[in-house]
1. Could you tell me the calculated FRET efficiency between Leu738 and Arg257, based on Cβ-Cβ distance and R0 = 45 angstrom, to the nearest 0.05?
2. Could you compute the net charge surrounding Ile319? Neighbours are other residues with a C-beta less than 12 Å from the C-beta of Ile319; K and R count +1, D and E count -1.
3. How far is the Cα center of segment 261-290 from the Cα center of segment 149-168, in Å?
4. Given H placed on each backbone N at 1.01 Å, which residues far from Gly48 in sequence or on other chains put an amide H within less than 5 Å of it?
5. Taking the alpha-carbon centroid of each part, what is the distance from segment 12-55 to segment 403-417 in angstrom?
6. Would you list which aspartates and glutamates come within 16 Å of Lys812, measuring only between C-alpha atoms, while excluding same-chain residues fewer than 8 positions from it?
7. Give the accessible surface of the chain per residue, rounded to a whole number of Å², with probe radius 1.4 Å and ligands, DNA and RNA excluded.
8. How far is it, in nm, from the label point at Gln642 to the one at Arg31 when both lie 7 Å from their Cα along the line to the Cβ?
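The values are calculated or read from the model by the stated rules, or taken from the named source; none is laboratory data. It should be emphasised that the depicted structure is a prediction, and the values quoted were computed from it without experimental measurement. Here the Cβ positions follow ideal geometry from the backbone for every residue, glycine too, while neighbour counts run over all protein chains shown. SASA here: full protein model, heavy atoms, side chains in, ligands and nucleic acids out. Shrake-Rupley method; radii C 1.70, N 1.55, O 1.52, S 1.80 Å.
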Amino acid sequence: MIDDILDRMTLEEQVSLLSGADFWTTVPVERLGVPKIKVTDGPNGARGAGSLVAGVNAACFPVAIALGATWNPQLVERMGVAIAGQAKSKGASVLLAPTVNIHRSGLNGRNFECYSEDPMLTAELAVAYIQGVQSQGIAATIKHFAGNESEIERQTMSSDIDERTLREIYLLPFERAVKKAGVMAVMSSYNRLNGIYTSEHPWLLTTVLREEWGFDGIVMSDWFGSHTTAATVNAGLDLEMPGPARDRGEKLVRAVRNGEVKPEAVRMAARRILTLLERVGAFEKAPDLSEHALDLPEDRALIRQLGAEGAVLLKNDGILPLQKAGLGHVAVIGPNAAEARVMGGGSAQIAAHYRISPLDGIREALSNANSIQYAAGCRNNRLVNVFSGEMRVEYFTGRNWSGSPIAVETADVGEFFWFDLPSAELDPSDFSARMTAFYVPAESGEHIFGMTNAGLAKLYVDGRLVVNGFDGWTRGDNYFGTANVEQRQSIHLVAGQRYEVVVEYCALGSTGEGINLTAVRFGVEKPLGDADMAEAVETARAADVALLFVGRDGQWDTEGLDLPNMRLPGRQEELIEKVAAVNANTVVVLQTGGPIEMPWLGRVKAVLQMWYPGQELGHAVADVLFGDVEPGGRLPQTFPKQLSDNSAMTGDETVYPGRDGHVRYAEGVFVGYRHHDTRGVEPLFPFGFGLGYTRFSWSNAKASAVQMGSEGLTVSVDITNIGDRRGSELVQLYVRPLAPTVERPDKELRAFAKVQLAPGETGTASLVLGPRDLSYFDEKTKAFRASAGRYELLAAANAADIRSNVTIELAKEWIGEASDRAI
Ligand code: BGC
């Protein structure tokens with residue numbers, strides 16, 4: 001059928017398939033019955049078309065680092081199935097997920113959106129996720145291929161990575177997703193790889209992906225990430241996104257006519273697009289692109305379960321789980337207590353069905369017998385709190401708010417990120433909007449108004465210009481680098497008085513300078529000061545236990561910018577120190593999208609890392625704190641003692657953040673624990689670390705064979721739950737070559753298994769290894785090779801806690817084939 005359609009298509013029609021129609025859909029060819037399909041972000045939910053921040057509600061699942069911490073592919077596969085259901089509710093056939101870039105620096109703004117520093121853990125979870133999604137007839141899109149480990153100069157930076165490092169670390173999750181999960185789509189990254197844009201990289205997109213690994217799906221560009229006509233098509237980039245065509249369309253037709261692109265290359269790409277449509281069932285039934293909110297009890301339950309399964313208990317001096325009975329007065333403190341920080345920022349955002357804050361979750365979990373006192377203490381948000389309250393939004397043609405409005409809407413959040421304007425009469429590069437709202441402060445005093453805008457904007461309070469995001473506007477760090485740095489101004493407000501807040505926004509017009517988005521975000525807050533800090537300390541002093549919720553928010557952990565450092569922002573470290581000084585039972589609950597330094601660690605009783613676990617945050621927190629559920633998580637990323645212990649943080653700016661448009665991955669394969677363990681740099685918490693509420697004994701570790709053959713072997717370990725609660729133990733299997741012929745990491749993770757056991761129960765963890773698991777990539781012969789000799793197989797509870805050690809032998813050197821599917 002596909003051949004038949006291709007035969008009947010004109011060149012122009014084939015070409016039309018190779019660019020999107022708009023932001024989220026493909027181009028139909030109605031004459032030949034080729035339907036339009038929709039794609040949607042993203043990893044932790046299916047957002048649908050429309051605004052990044054105010055679309056149709058969707059189920060909000062944990063971010064990828066929280067899934068990385070579950071080490072539980074079965075559960076992640078179930079999430080994939082559920083997300084596919086969400087994609088269907090948004091009329092989408094293709095999900096733009098998972099994100100499998102590697103935690104290289106710990107400062108990547110998208111660290112939260114990626115699973116792990118380890119390629120094997122990343123790959124296993126990505127494979128499970130993709131299998132779940134694709135089992136429901138929805139295509140997954142693994143991204144960003146490849147070398148997108150930072151947001152700095154993200155549209156242009158060249159990641160300079162040697163081939164061994166690429167093959168062993170950065171490409172592995174993609175390789176497995178192709179070979180083991182049959183992923184249907186790949187998204188090229190924004191960056192260049194060794195000087196060439198990945199969207200026009202023939203070696204990456206054709207030699208490796210298609211010829212070696214046998215990929216038969218489509219490659220699409222990241223949004224606005226393709227820049228040429230012939231080069232992208234010839235390299236193997238099938239779909240330019242978003243649409244309408246920028247570098248294709250007529251330009252591509254001309255390139256075919258003048259011989260720069262062969263007609264067969266166009267036909268091949270068009271064939272792949274049609275094959276994708278066929279795979280997602282679009283020819284059987286043209287997709288209904290309409291969107292609705294689907295809030296299912298089983299999704300709620302799964303999200304809650306995943307939240308606890310990814311929760312990593314980093315420290316516990318016997319205080320957790322808290323016994324509800326007799327708990328007495330509980331102080332719930334910190335900037336993340338009443339705010340439900342459920343996800344990261346950027347394109348992974350969705351409009352969650354609801355958000356349970358930790359304070360809500362704790363209130364629900366405890367009976368009225370407990371008195372709960374709340375105090376924020378300080379703030380940790382990067383941008384001023386977004387305005388919340390009803391507002392009128394008027395839209396005008398032209399950029400000066402004149403004439404009568406073309407459309408009038410209401411909104412209740414002061415953030416607008418327009419993909420679709422409310423009327424077809426409005427031109428995205430030539431319109432203006434006026435938002436009118438009222439603000440009634442609860443307290444008198446200085447208030448900060450803040451605004452960041454992609455486009456130009458002014459914010460007025462009672463007719464007075466307060467924030468000027470118009471005159472002297474320049475690009476800054478928000479909205480993927482298309483908006484200015486947040487502009488702030490503080491003014492005195494009186495409690496109970498009604499202030500009119502008006503924001504006048506207009507599009508930038510065509511500047512010819514990079515990507516132009518249309519967005520504005522404005523907010524107001526009363527800054528917290530010494531009195532608020534003191535109130536939190538007094539609240540803690542009066543309580544039997546102080547639960548302290550600190551971390552970051554999705555404006556820090558976000559696409560578009562990297563983090564400035566690994567410290568808790570604002571006055572949070574001071575808050576922890578002060579609370580811990582007055583309350584010996586202080587429990588810190590962290591929410592960050594990556595590692596942080598913890599100078600206060602010795603002063604608190606327990607530390608629980610919750611990441612951004614989705615809409616059920618508060619329930620999952622309460623489940624773990626009160627022991628209804630085990631904290632099932634183990635770190636998917638090393639937490640170094642200090643930033644400079646990370647192998648990319650050498651102080652050499654060419655290695656991070658990059659210089660002159662290049663970032664050199666000079667540490668090679670020594671990423672994360674591969675660096676810490678090989679170089680003897682002791683971490684704060686090692687890779688794979690996490691405590692539970694019960695205890696286990698390990699025994700009887702053995703390998704099914706002493707010789708590694710082509711059929712592989714199995715390592716098994718018996719695990720007994722010797723505590724008095726149900727719980728899970730994670731067995732991590734690392735390989736250490738005893739006589740390496742090249743420089744290799746001290747040990748590398750090659751398999752893992754989680755066992756759930758009742759008190760007194762014994763189970764066996766079985767871990768399967770093949771010869772590729774002993775290998776390294778040899779650049780000279782361009783092959784994975786394992787030299788003959790002895791290898792230790794280390795069964796470990798984490799990278800720094802090896803429980804047993806079995807030595808096996810490889811009798812004769814093993815050399816892999818690029819197309820090997822057993823990997
Ligand atoms: C991101 C992608 C995302 C795309 C569409 C880009 O900014 O890098 O991950 O899928 O936008 O929203």
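1. Working: r = 61 Å, r/R0 = 1.36.
Efficiency, from the Cβ-Cβ distance: 0.15.
2. On the way: positive: Lys315, Lys605; negative: Asp317, Asp544.
Result for the local shell: 0.
3. 31
4. Residues meeting the criterion, in which the H sits 1.01 Å from N, are Asp41.
5. Here the two parts' Cα centres lie 25 Å apart.
6. Glu711, Asp773
7. Numbers: 28090 Å² over 823 residues.
Here the residues of the chain average 34 Å² of exposed surface.
8. 6.9
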